[in-house]
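Note sheet for the following structure.
The values are calculated or read from the model by the stated rules, or taken from the named source; none is laboratory data. This structure is a prediction, so every number in the text was calculated from the model and none was measured. Every residue, glycine among them, receives a Cβ derived from its backbone with ideal geometry; neighbour counts consider all protein chains shown. When the accessible area is computed, the model is the full protein with side chains, heavy atoms only, and any ligands, DNA or RNA have been set aside. Shrake-Rupley method; radii C 1.70, N 1.55, O 1.52, S 1.80 Å.
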Amino acid sequence: MQWYLKVLQNYVGFSGRARRTEFWMFILFNFLAAFVLGILDRILGLGGFLGGLYALAVLLPTIALWVRRLHDTGKSGLWLLLALIPAVGAIVLLVFACLDSDPAANQYGPNPKTGPLPVSA
């Protein structure tokens with residue numbers, strides 16, 4: 001749950017890097033929340049209102065997380081535009097999301113697994 005909240009707190013943070021754990025835990029909790037809201041929509045007969053409202057609420061944090069995840073693999077956030085290509089774009093982005101972090105610091109920041117670089121005095 002902490003990973004989900006971390007992403008929501010950094011909802012417009014397009015800079016930096018996001019680990020695989022952060023990414024996939026957010027996706028998992030996002031899926032579970034959407035599932036529960038879908039059931040509530042059905043029970044209450046709201047026609048998808050709650051699910052749509054939730055999807056709109058997490059749209060910007062989700063895009064920011066995708067950009068940070070791409071940064072973690074050393075790619076620009078512009079690679080997210082591949083999602084506009086039917087099927088192929090989604091598969092390529094899924095592969096990128098599964099890739100391990102760049103082991104060292106890259107142009108987007110230090111490796112989140114190892115933390116920030118030590119400051120020399």
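Just one of (1) assigned to a loop (DSSP other than H, G, I, E, B); (2) of a type in the set (Lys, Arg); (3) open to solvent by less than 60 Å² (accessible area, probe 1.4 Å) fails for residue 69. It is (1).
For (1) open to solvent by 90 Å² or more (accessible area, probe 1.4 Å); (2) more than 20 Å from residue 29 (Cα to Cα), each residue gets a yes or a no:
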residue: 50; (1), (2): no, no
residue: 60; (1), (2): no, no
residue: 75; (1), (2): no, yes
residue: 81; (1), (2): yes, yes
residue: 98; (1), (2): no, no
residue: 107; (1), (2): yes, yes
residue: 112; (1), (2): no, yes
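Taken over the stretch 20-48, the criterion of being open to solvent by less than 70 Å² (accessible area, probe 1.4 Å) and either in contact with a Cys (Cβ under 8 Å, 6 or more places away or on another chain) or closer than 24 Å to residue 77 by Cβ (or both) is satisfied by 21, 22, 23, 25, 26, 27, 29, 30, 34. Of all residues in the stretch 52-74, those that are farther than 13 Å from residue 33 by Cβ and in contact (Cβ under 8 Å) with a residue 12 or more places away in the chain have Cβ atoms under 7 Å from Cβ atoms of residues that are among the polar types (S, T, N, Q) and not in a loop (DSSP other than H, G, I, E, B), 6 or more apart or on another chain, in 74/106. When 60, 50 are screened for being assigned to a helix (DSSP H, G or I) and within 18 Å of the chain's Cα centre (by Cα), only 60 passes. Of all residues in the stretch 76-100, which are in contact (Cβ under 8 Å) with a residue 24 or more places away in the chain and part of a helix (DSSP H, G or I)? Residues satisfying the conditions are 77, 93, 96, 97, 98. Checked against (1) open to solvent by less than 60 Å² (accessible area, probe 1.4 Å); (2) modelled with pLDDT under 95, residue 54 passes all but a single condition, namely (2). Any residue that is touching a strand residue (DSSP E or B) at 6+ places or on another chain (Cβ under 8 Å), among the basic types (Lys, Arg) and either in contact (Cβ under 8 Å) with a residue 40 or more places away in the chain or within 20 Å of residue 101 (Cα to Cα) (or both) - is there at least one of those in the stretch 20-37? No; the residues of the stretch 20-37 include none that is touching a strand residue (DSSP E or B) at 6+ places or on another chain (Cβ under 8 Å), among the basic types (Lys, Arg) and either in contact (Cβ under 8 Å) with a residue 40 or more places away in the chain or within 20 Å of residue 101 (Cα to Cα) (or both). Of the residues making up the stretch 15-56, those that are closer than 19 Å to residue 67 by Cβ and either touching a Lys or Arg at 6+ places or on another chain (Cβ under 7 Å) or charged (D, E, K, R) (or both) are 16, 17, 18, 19, 20, 22, 23. The requirement of being outside any helix (DSSP H, G or I), touching a helix residue (DSSP H, G or I) at 6+ places or on another chain (Cβ under 9 Å) and of a type in the set (Phe, Trp, Tyr) is fulfilled nowhere in the stretch 16-33; no residue meets it.
Selection of the stretch 83-96 for residues being surrounded by 14 or more Cβ atoms within 10 Å (Cβ to Cβ) and among the aliphatic types (A, V, I, L, M) yields 92, 93.
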